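Just below is one structure, and these are the notes that go with it.
The values are calculated or read from the model by the stated rules, or taken from the named source; none is laboratory data. Everything numeric in this text was worked out from a predicted model, so none of it was measured. Every residue, glycine among them, receives a Cβ derived from its backbone with ideal geometry; neighbour counts consider all protein chains shown. Surface accessibility is based on the protein's heavy atoms, side chains included, excluding ligands, DNA and RNA. Shrake-Rupley method; radii C 1.70, N 1.55, O 1.52, S 1.80 Å.
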Amino acid sequence: MKQLDCALNAAFILLFLLTFPIRAMAQKDAKQKEREKAAQLPAVIWRDPGDISRLDLIYGAGGREHAPDPNGTYTFEKEVMHGTSPKFDVKDAQGVKWRVKLGEEVQAETAATRLLWAAGYFVDEDYYLPQIKVEGLPKLHRGREFVTNDGIVRRVRLERKKKEVKKIGNWDWFKNPFIGTKELNGLRVMMALLNNWDLKDINNSIYAVGDERRYLVSDVGATFGKTGNSIGRSKSDLKEYEDSKFIEKDTAHEVDFTMHSRPFVLTAVNLPNYEKRTKMENVTKHIPSADVKWLGQLLGKLSNEQVRDCFRAAGYPPDEIEGYSKEVEKRIGALNAL
């Protein structure tokens, strides 16, 4: 009898091993078909924001109704190891999933998404909280300095994960369906206005949402500082943002904005990285003047209070709220003065 049981167990194991690759291939094929179907959806990169002066930039794209509960308890799910910033996923009491980001990008990203959304561009639903309570939090590989012994996590950006949004890929600044359009050119200007120096393709996402294929810059944490090489650049640094040159050159037909991302020549031994970082500088170059003015007129409809709300939502102290807001308004004014 024992021999029969052993034989049956061995047969079941063998059957499982034989069918596992088939199931894995079927799942892979299903995902591939889903991606191919999504790739046929109409591509969009901008939508008319309507009356910009009425937008709530404290809560941004997700609105008050999607805002996380600052007094709620969140349950740890998994740590996320990709990217430069510490991240992990949690679930709230209502079953909503959030991606928590820690570190120097959290405030800048929260403010940047609100300005992009106000200009009509797609963004993730990001919120900033000074702290949250997380249950079941293990010892993190990254970001332990933001966590107390009783599970309080300080200075967090919460990105709402929506079931109806499916990421289907990334896109290239120089090869996409919108080359030559005012909408893409406006997004290029926004990158200069925000001083976003990390313009890698991996930070550009394509989402399938309903009957649309949405193109967006999904990581805008490397903003509101100084552009430059790996030593000179910064994030969320008011003084360096204020001191940065905005417009490099303008002619009757086009505008070049300042963007520095090229590494030191000595680092050219890593040729792919050197070429990629050098190419990024062209994202903000040779932008048609008419498209620059279009974006400037759009942003010019924001009130002073709305601009400040972007930075209030990001948890900056009052003096920095005022400083960042004045610099953003100065740059919007420069666009409209061309």
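Quick check: pseudo-label points 7 Å beyond the Cα along Cα→Cβ at residue 275 and residue 44, how many nm apart are they?
Modelled inter-label distance: 3.6 nm.
Of the options 217, 140, 337, report the single residue whose Cα projects farthest towards the positive end of the charge dipole of the chain (beta-carbon charges: Lys, Arg +1; Asp, Glu -1).
The residue sitting most towards the positive pole is 140.
³J(HN,Hα) across segment 217-227 via Karplus (A = 6.51, B = -1.76, C = 1.60, θ = phi - 60°), whole Hz, x for Gly/Pro?
8, 8, 10, 10, x, 8, 10, 6, x, 10, 7
How much mean residue ellipticity at 222 nm does the chain get from its helices, if each DSSP H run of length 4 or more adds -39500 (n - 2.57) and you divide by all residues, to the nearest 500 deg cm²/dmol? If you can, show how the numbers build up before the last one.
Values: 8 runs with 119 residues, N = 338.
My calculation for the chain gives -11500 deg cm²/dmol from helical runs alone.
Taking 0.36 nm per residue of separation and subtracting the Cα-Cα distance, what length does fully extending residue 202 through residue 303 add? Numbers along the way, then the final one.
Numbers: separation 101, 0.36 × 101 = 36.36 nm, distance 3.30 nm.
Extending this stretch completely gives an extra 33.1 nm.
I need the per residue convex hull volume for the chain, using only the alpha carbons, in cubic angstrom as a whole number. Mind showing how you got there, number by number?
Details: hull volume 65.0 nm³, N = 338.
It is 192 Å³ per residue.
Using a probe radius of 1.4 Å on heavy atoms only, what accessible surface per residue do you get for the chain? Whole Å² is fine.
Numbers: 17590 Å² over 338 residues.
Solvent-accessible surface per residue comes out at 52 Å².
Return the carbon/sulfur percentage of the accessible area of the chain, one whole number, probe 1.4 Å, all protein chains in place.
Details: 9550 of 17590 Å².
So the carbon and sulfur contribution to the accessible surface is 54 percent.
Rounded to the nearest 0.05, what FRET efficiency is calculated for residue 286 and residue 320 with R0 set to 30 Å and r the Cβ-Cβ distance? Write down the numbers at each step before the final one.
On the way: r = 33 Å, r/R0 = 1.11.
E(calc), rounded to 0.05, equals 0.35.
So, with +1 on the Cβ of K and R and -1 on the Cβ of D and E, and no other charges, what is the size of the charge dipole of the chain about its Cα centre, to the nearest 20 debye?
On the way: 54 positive and 49 negative charges, 194 e Å.
Dipole of the chain, to the nearest 20 debye: 940 debye.
So, R0 is 41 Å and r is the distance between the beta-carbons of residue 176 and residue 144; what FRET efficiency does that work out to, to 0.05?
Values: r = 39 Å, r/R0 = 0.95.
Calculated transfer efficiency: 0.60.
Below 8 Å between Cα atoms, with a sequence gap of 6+, how large is the relative contact order for the chain in percent? Could you put the intermediate results ahead of the total?
On the way: 587 pairs, mean separation 62.3, N = 338.
Reported relative contact order: 18 percent.
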